[in-house]
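What follows is calculated from the coordinates using simple rules that are stated; it is not laboratory data. It should be emphasised that the depicted structure is a prediction, and the values quoted were computed from it without experimental measurement. Glycine gets a Cβ as well: all are built from the backbone with ideal geometry, and neighbour counts include every protein chain shown.
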Amino acid sequence: MTSVIPIPPPLKAFFAHFPLYVYPPIQTRERQEYSKFPTLWIHPPFDPSANLLSSDIECLKWQAYIALRGLSNILVRWDFHPDAGIDGHLPNLCTYSESAGDYELLDRKMIPGWVDTQVSADGLDGFNDEEAKLESEAWISLLEGTVHAAVILAQPPKSLLSEIMSPPSFQSPLNSLKVIFAQPPAPLSGLSSILPPSGTQVDVSGVFAEYKNAIVALSDRLGEDKWFLASSRPTALDALVFAYLHSILSYSHHIRLEVIRRANLVAWHHRALHIIAPCFGAH
Amino acid sequence: MSASDATTPAANVVLHIWPRAFGLASMEPTCLAAVLYLQLVIPGKFTLEESTTPDYSPSGQLPYLTHDLVTISSLPGIMTYVSGLPDSSKLDGHPSAKEKAQRTAWKSHAASTLGDLVAYSFYTSANYWGLIRPTLAKMMPIPQRYYVPNRIRELHKLRLEAVGLWPTETEEPSEQSKLGASLLGKQPSTKDPKEVARNTFALEQTLEKARAFLDTYTRLLKGRMFFYYERPSTLDIIVAAHTLLILSPSPPDPVLKDLIIESYPSIAVHARLVLSRAFLGPATSPLTYHTSSTNTWSALIPTFGSNTPRPEPSEVEKEFTNMRWGWVGLVIVSTIGYLWLNPLVVIVQVGDEDEGVRSLEDEEVGE
């Protein structure tokens, strides 16, 4: 132990009776179970026996992105609480680097960068030209607006018992109806009323009518193409579309009827599922 | 063409919107887009009603349209309904399925991205306290003008925070109580230099996002007058309505307005062109207004969404409701009957004094 002020010898002899031992850190059981393969931490899947695709749209979107970029042999685990992730969000990617000899946890925003290091990338991200890349922004905002609102309204309500018994779960702020629309919905107790604003008042039939138009538009744009916007290889837009279609088809609610009526969307989803699902293995 | 002309069927079309401000027909982008749409599609055959209580609408938001007994709310619903009216002109032509799909996506993109930019230019601190709150307060009647503008701002704040456009400032008033200050419309006190530095960084990020959105629309416009044809289409109307609400007011902090005027003049020109086509074209007529006498104090009573259209109950449901009320009636009748027949409650009639005395005498005599 270095010290600026030299310790006088009698004090040093006294301190020698009380030595300081430093032990190596004890890893938690979860940390001991990290594997050397890249692992994605996600929300639990719909049906672990069928495939390992998450029930949360954000996690599923990134799973689809990683798989469609051509990577495989990615492990997934869903035993972590969302608070364990960076910023309290899942999905996170846990990678092991040989050079550093240590694990690294990546936020979802850093996943495309990591994928680019594993697989080569081109400037247009797989789109045919600049026009297509521009148009993909419009489709992304349509999906994340209208279709996301319909998916939130279609989620099965949790029973009272499960809500009381389970610990308060982290709800991603983007999963709330209050922030999806640019014109925010009015509170249920009325904007001008004497009560403080609480609840959300949403015109459910209006949302579902717009959702129907959105699905028709999506199906018309896909037409007979292999990937959206007639790209030669899958893009980030395809990952997002797959995430929404898979979630819609997994709920037993009438919004899946709209998708089932469009045969080309069902066929596209089926083909994409067979590409994406085998890329993941359980931890 | 006045509101009392009941012979023309389409004259009963009444559009309820936020009131006018900044020289435009409405101060809210979707309301303004609805006005522009109606003016281009059924000019002169509708009336406007300015309202500051969106609680009466089926979805809780303005704009909403009433046509005789039908009520439609939200801009896409209004556009679909009005384009189906008998003597309306068609703005969108006959696009192919693929083009129609692309336009749907672009309309949704325009409404959300430009809507966020309008909300940013209205509800951030300097502009809200300097321009928007006084404007809103002047429009509203006495009880609402003190608390409704702040509520509207809170709603928009949630969305802007989620999107990343809300500047990270803390508004802690120093001595005055928060409630008193906000009621009187006083802005919270100034911030320290660290906050100012953080705000400048947030402003740069906002400008980056705004530039990305406006670049998209400039490239989509490709130097033409309108997006698709030689006349405005629905996408033109939506983009122009939002742009006009950024350009027309004179806010204390005109960041976005200056950005559009200096760097994206084609979008500003496009917005003015759409406005002139709507109001100065050959087939247009001036806007007519209709005033209703709703009691403003009744707006204080919460509605809890009772105006939303509920589906007609089916036969089975009606039968169940009748049976339920029948059971309640049976319970009440049988409870009263039980209490009457079993003397839990006895109603005793007390006779008069002579009868009581006579019976005693009879008894004495009888002995």
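Its residue count N sets the reference 2.2 N^0.38 Å, and the alpha-carbon radius of gyration of chain A equals 1.32 times that reference. Based on the Stokes-Einstein relation at 37 °C and a viscosity of 0.692 mPa s, and on the Kirkwood radius from alpha carbon pairs, the protein assembly as shown is assigned a translational diffusion coefficient of 112 µm²/s. Residue ranges A:130-136, A:255-261, A:99-105 sort as A:130-136, A:255-261, A:99-105 when ordered by packing (mean number of other C-beta atoms within 10 Å per residue, highest first). The trypsin sites (Lys or Arg not before Pro) of region A:201-240 meeting both criteria, a DSSP state outside H, G, I, E and B (loop) and at most 15 other C-beta atoms within 10 angstrom of the site's C-beta, are A:K226. Distance from the Cα centroid of region A:208-283 to that of region A:50-123 is 21 Å (rounded to whole angstrom).
Of all DSSP-defined beta bridges confined to chain A, some 60% are antiparallel rather than parallel. Using the Karplus relation 6.51 cos²θ - 1.76 cosθ + 1.60 with θ = phi - 60°, the per-residue 3J(HN,Hα) values for region A:176-182 come to 9, 5, 6, 10, 7, 8, 5 Hz, with x marking Gly and Pro. Using alpha carbons only, the radius of gyration of region B:225-287 set against its Kirkwood radius gives Rg/Rh = 1.01.
Label 7 Å along Cα→Cβ of A:S72; region A:267-283 residues with amide nitrogen under 13 Å? The answer is A:274-281.
Using θ = phi - 60° in the Karplus curve 6.51 cos²θ - 1.76 cosθ + 1.60, the 3J(HN,Hα) couplings for region A:81-92 round to 6, x, 5, 6, x, 5, 6, x, 10, 9, x, 10 Hz; x is entered for Gly and Pro.
Put in order of Cβ neighbour count within 10 Å, fewest first, the listed residues A:C279, B:C31 become A:C279, B:C31.
For peptide B:114-120, how many partner chain Cβ atoms fall within 10 Å of a residue's Cβ, on average?
Numbers: counts 1, 4, 1, 1, 2, 3, 0.
Rounded to a whole number, the mean comes out at 2.
Applying 1/(1 + (r/R0)^6) with R0 = 51 Å to the Cβ-Cβ distance of A:T200 and A:I5, what FRET efficiency is obtained, to the nearest 0.05? About 0.20, to the nearest 0.05. When each of B:Y264, A:Y65 is scored by the number of other beta-carbon atoms lying within 10 Å, the sequence from fewest to most is B:Y264, A:Y65. Quick check: net charge around B:H290, other residues with Cβ under 10 Å of its Cβ, Lys/Arg +1 and Asp/Glu -1? Here the count lands on -2.
Report, to one decimal in Å, the Kirkwood hydrodynamic radius for region A:1-126 based on all distinct Cα pairs. Spell out each step's value before the answer.
Numbers: mean 1/r = 0.0559 Å⁻¹.
One over the average 1/r among Cα pairs gives 17.9 Å for region A:1-126.
Between B:L203 and B:L280, the distance separating the two model label sites (each 7 Å from Cα on the Cα→Cβ line) works out to 3.4 nm.
Pairwise Cα separations in region B:9-300 fall into 10 Å bins from 0 onward with the following percentages, short to long: 6, 27, 33, 23, 9, 2, 0. Ordered by the number of other Cβ atoms lying within 10 Å of each residue's own Cβ, fewest first, B:M139, B:M225, B:M323 fall into the sequence B:M323, B:M225, B:M139. A simple spin-label model places the labels of A:D125 and B:Y229 3.4 nm from each other, with each point 7 Å out along Cα-to-Cβ.
Run down the lysines and flag those whose C-alpha is under 29 Å from the C-alpha of B:K318, throwing out any fewer than 8 positions away in its chain. Output for B:K318: A:K158.
Pairwise inverse Cα distances across region A:50-200, averaged and inverted, put the Kirkwood hydrodynamic radius at 18.9 Å. Model label sites at A:H17 and B:Y81, defined 7 Å from Cα along the beta-carbon direction, differ in position by 9.2 nm.
A cut-off of 5 Å between modelled amide H atoms, ignoring neighbours fewer than 5 places along the same chain, links A:C94 with A:T39, A:L40, A:W41, A:L106. Over all orientations, region B:1-159 has a Cα convex hull whose mean projected area works out to 10.7 square nanometres. Only Cα pairs under 8 Å and 6+ residues apart enter the sum, and on that basis the relative contact order of chain A stands at 24 percent. When the Gaussian network model of chain A links Cα atoms closer than 10 Å, the mean-square fluctuations of A:F46, A:F37, A:F18 top out at A:F18. How high is the FRET efficiency from A:T95 to A:Y251, r the C-beta distance, R0 30 Å, rounded to 0.05? Taking R0 as 30 Å, the efficiency between A:T95 and A:Y251 is 0.40.
With respect to the cross-link table entries B:K45/B:K100; A:K133/B:K98; A:K226/B:K107; A:K212/B:K107; A:K212/B:K157, which display a Cα-Cα separation exceeding 19 Å?
Checking Cα-Cα distances, B:K45/B:K100; A:K226/B:K107; A:K212/B:K157 exceed 19 Å.
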